[in-house]
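A short worksheet on the structure shown next.
None of the figures in this text is laboratory data; all of them are computed from the coordinates on show. What you are looking at is a predicted structure, and each value in this text was computed from that prediction instead of being measured. Note that each Cβ is placed from the backbone with ideal geometry, even for glycine, and that neighbours are counted across all protein chains shown.
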């Protein structure tokens with residue numbers, strides 16, 4: 001009975017939150033949603049981040065636009081950071097993306113406290129800081145990235161994006177440093193399972209990652 005009441009309350013809160021969003025804002029955001037999960041170039045992600053930032057500046061009380069701007073900037077930076085020697089310092093290239101993403105996700109958090117999705121992006125930003133100079137930043141940003149991931153999981157244990165990021169960490173980390181392709185597969189499969197039942201709060205709430213999970217699982221075949 002308590003579980004039923006909780007679910008109904010969550011649905012009512014989500015519906016109320018969606019109703020509070022201006023129609024113009026929702027339509028502007030909906031026009032960008034498909035690109036969030038399909039844009040795979042640095043320039044495309046940068047352009048998308050700029051689009052979300054313009055929406056955010058027009059609707060300063062809506063956290064989702066700031067969230068997506070931060071997510072796109074972090075994703076673009078991680079793409080830049082993944083090229084070449086992973087252990088080489090490249091902060092001059094990655095930090096500008098991290099700076100933008102950090103500013104934007106802080107604005108999102110000011111509007112929406114204790115949110116799993118926001119902590120997921122904060123984890124991405126911490127990882128981006130770390131790969132900018134792995135040898136000198138690991139001890140600072142490695143624990144920070146893990147702390148943000150742990151907080152995201154605590155706030156929503158059924159968030160599939162939490163397990164996607166955890167799986168990617170296991171997949172790309174060398175075994176001598178705790179990585180494991182086998183453990184990553186288990187986490188990718190858990191993320192896939194959660195995506196099958198995951199219901200975003202609205203048409204513009206976070207729902208990205210399912211395609212990425214499918215891609216990684218295809219690497220095991």
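For this structure, a couple of remarks:
- FRET efficiency estimate (nearest 0.05) - Cβ-Cβ, residue 23 to residue 139, R0 41 angstrom: 0.30
- Taken along the Cα-to-beta-carbon direction at a fixed 7 Å, the label points for residue 92 and residue 197 span 5.1 nm.
- Folded to 0 to 90 degrees: helix 134-155 orientation relative to the chain principal axis, Cα: 30
- Among 125-137, 179-191, 83-95, the order from most to least packed when residues are scored by Cβ within 10 Å on average: 125-137, 179-191, 83-95
- Rounded if a/c under 1.5, otherwise prolate or oblate - segment 131-221, Cα gyration tensor axes: oblate
- Length gained on full extension, residue 205 to residue 173: 8.5 nm, using 0.36 nm per residue less the C-alpha separation.
- As a calculated quantity, the FRET efficiency between residue 150 and residue 83 at R0 = 25 Å, using C-beta atoms, amounts to about 0.30.
- Crossing angle, helix 63-81 versus the chain [Cα axis fit, 0-90 degrees, rounded to tens]: 20
- GNM flexibility winner over the chain from 162, 42, 121 (Cα, springs under 10 Å): 42
- Label-point separation in nm, residue 58 to residue 33, each point 7 Å along Cα→Cβ: 1.7
- Helical runs assigned H by DSSP (4 residues or longer) give the chain a calculated mean residue ellipticity at 222 nm of -25500 deg cm²/dmol, each run adding -39500 (n - 2.57) before division by the residue total.
- Axis angle, to the nearest 10 degrees, between helix 42-58 and the longest C-alpha principal axis of the chain: 30 degrees.
- Modelled label reach - residue 221, point 7 Å along Cα→Cβ, segment 167-199 residues with backbone N closer than 14 Å: none
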